[in-house]
Amino acid sequence: MAEAPDLKRGRFLVPGGAGFIGSNFVRMIRKRFPDSRVTVLDKLTYAGNLANLESLSGDPGYRFIKGDICDAKAVTAAMEGCDLVVNFAAETHVDRSIEKAHEFVLTDTFGVYVLLEEARRAGVRRFLQVSTDEVYGEILGEAANEESPLLARNPYAASKIGGERLAYSYFATYGVPTIVTRGSNNYGPFQHPEKLIPLFVTNALQELPMPVYGTGKNTRDWIHVDDHCAAMLAILAAKDVEGETFNIGAGNEKSVLEITALILDRLKKPQSLIRHVTDRPGHDRRYAIDMSKLAKRTGFQPSVAFERGIAATIDWYVENRSWWESVRSGEYRHYYERMYGAR
Ligand code: NAD
Ligand code: TYD
């Protein structure tokens, strides 16, 4: 097995770096490793937003390329001179995948194949495929470990399985040094307001109803985006992790109703904003992952306590109203009307 790469001087390619987690990751790399270089390749779909990377404008260690990971030519050009690939590019919203899965299959599966082919040709040092705990499907018993069966139940999660298994197959078949991470639900700044926490915070700030699907008893394991990104860096810096898969979670299992109550409390808004609406089809009741492998192999432990992280996140949306008002205009209005108008 190869030695761990020197991240300090890493030449990173970050597909999907203009989205929520990717932009937080890119900022973290540039802050921690001033001698690194980062290329972001992003299609700028409705979810990609250059405002997320605004704080890096003028940084000589950062460059942005607009392009699609399904386009081999764009990928070849972007990967030139890069030795570490961390792929965030994906269609990510379950409700949109239920409406139409086409783009999910293309980007989350085929796009990963295009990146892997180029990584194989270019001979990169490491290729981290960012996957999700949703690949396990709903977990009603013991928390899933990395050996648990992949029983995805929605088109987003199924497409992510395609991407991560292709990454593993490139390791097993061609020796491409791939790693797969399965992160739990992230929260933090710059998250698109289609997802639960920013949707509910920004709705509450506008006195709009908070649409709880079904009973609201469904749970997720919430991790702050900084912890997720720091865990990925710990894995990239570890020895002998090629071909391995790591769960990344923080052990904060909360229901939708618990999250809703925290938001209402912090914003001092009334309970009457809660609106129970028709459930999501095939709504996974619970995700829960065992993170012991990550701790054992890298020593990593999450450091953002949930109460502190969620309070800081709510405050961020309060303080960055122009960011989310801009995201919530345009395409978002049509999406919102389709998704919630008659629900
Ligand atoms: P996001 O939707 O905020 O961002 C996705 C980014 O990918 C956007 O910038 C978009 O423009 C870009 N993109 C989409 N299709 C592309 C294509 N064909 N070519 C190039 N760029 C493209 O997503 P996120 O929440 O930041 O998630 C990032 C990654 O982490 C995804 O792979 C997702 O599956 C995974 N993940 C997310 C979570 C979560 O809670 N958000 C949890 C675990 C894993
Ligand atoms: P979401 O942020 O879409 O993430 P996931 O990919 O885990 O489904 O949803 C998180 C939880 O919040 C999930 O149980 C569905 C629920 N939810 C609502 O109740 N109402 C909403 O409007 C949204 C977007 C999500």
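The values are calculated or read from the model by the stated rules, or taken from the named source; none is laboratory data. These numbers come from a predicted model, not from an experiment. In this analysis, Cβ positions are derived from the backbone assuming ideal geometry, glycine residues included, and neighbour counts consider all displayed protein chains. Heavy atoms of the whole protein, side chains included, go into the accessibility calculation; ligands, DNA and RNA do not. Shrake-Rupley method; radii C 1.70, N 1.55, O 1.52, S 1.80 Å.
For segment 159-206, the set of residues classified as part of a loop (DSSP other than H, G, I, E, B) and closer than 20 Å to Ser326 by Cβ consists of Gly188, Pro189, Phe190, Gln191, His192, Pro193, Glu194, Lys195, Gln206, listed by residue number.
The numbered conditions (1) closer than 25 Å to Trp323 by Cβ; (2) away from ligand 2 (no atom under 16 Å from the Cβ); (3) open to solvent by 10 Å² or more (accessible area, probe 1.4 Å) are all true for Asp71 except (1). When segment 54-93 is limited to residues that are in a loop (DSSP other than H, G, I, E, B) and without any contact (Cβ under 8 Å) to a residue 24 or more places away in the chain, the one that is farthest from ligand 1 (Cβ to nearest atom) turns out to be Pro60. Condition test on Tyr113, is it open to solvent by 20 Å² or more (accessible area, probe 1.4 Å), part of a helix (DSSP H, G or I) and within 27 Å of Pro5 (Cα to Cα)? So Tyr113 fits the description; yes. So for segment 132-147 (the condition being in contact (Cβ under 8 Å) with a residue 24 or more places away in the chain, hydroxyl-bearing (Ser, Thr, Tyr) and out of contact with any Leu (no Cβ under 8 Å at 6 or more places or on another chain)), does at least one residue qualify? The answer is yes, given that some residue of segment 132-147 is in contact (Cβ under 8 Å) with a residue 24 or more places away in the chain, hydroxyl-bearing (Ser, Thr, Tyr) and out of contact with any Leu (no Cβ under 8 Å at 6 or more places or on another chain).
On the basis of being crowded, with 18+ Cβ neighbours inside 10 Å and either over 26 Å from Asn247 (Cβ atoms) or of a type in the set (Gly, Ala, Ser) (or both), does Val26 make the cut? Considered against the rule, which asks whether it is crowded, with 18+ Cβ neighbours inside 10 Å and either over 26 Å from Asn247 (Cβ atoms) or of a type in the set (Gly, Ala, Ser) (or both), Val26 comes out as no.
Among the residues examined, Met291 does not qualify as over 21 Å from the mean Cα position of the chain (by Cα) and within 16 Å of ligand 1 (Cβ to nearest atom).
Condition first: under 21 Å from Asn252 (Cβ atoms) and open to solvent by less than 30 Å² (accessible area, probe 1.4 Å). Can you find one or more residues in segment 325-332 that meet it? Scanning segment 325-332, I find no residue that is under 21 Å from Asn252 (Cβ atoms) and open to solvent by less than 30 Å² (accessible area, probe 1.4 Å), so the answer is no.
Among the residues of segment 280-297, those that are assigned to a loop (DSSP other than H, G, I, E, B) and touching a Phe, Trp or Tyr at 6+ places or on another chain (Cβ under 8 Å) comprise Arg280, His283, Tyr287.
Scanning segment 148-158 for residues that are assigned to a loop (DSSP other than H, G, I, E, B) and in contact (Cβ under 8 Å) with a residue 24 or more places away in the chain yields Arg153, Asn154.
A search for C-beta distances below 9 Å between a residue of segment 262-290 that is without any contact (Cβ under 8 Å) to a residue 12 or more places away in the chain and any residue that is hydrophobic (A, V, I, L, M, F, W, C), counting only pairs 6+ apart in sequence or on different chains, returns Pro270/Leu264; Gln271/Ala261; Gln271/Leu264. Looking at the structure I just gave you, is Ala119 within 17 Å of Phe246 (Cα to Cα) and in a helix (DSSP H, G or I)? The answer is no for Ala119. Suppose we keep only residues that are part of a loop (DSSP other than H, G, I, E, B) and in contact with a helix residue (DSSP H, G or I) (Cβ under 6 Å, 6 or more places away or on another chain) within segment 19-53. Which one would you say is farthest from Gly330 (Cα to Cα)? In this case the residue turns out to be Asp35.
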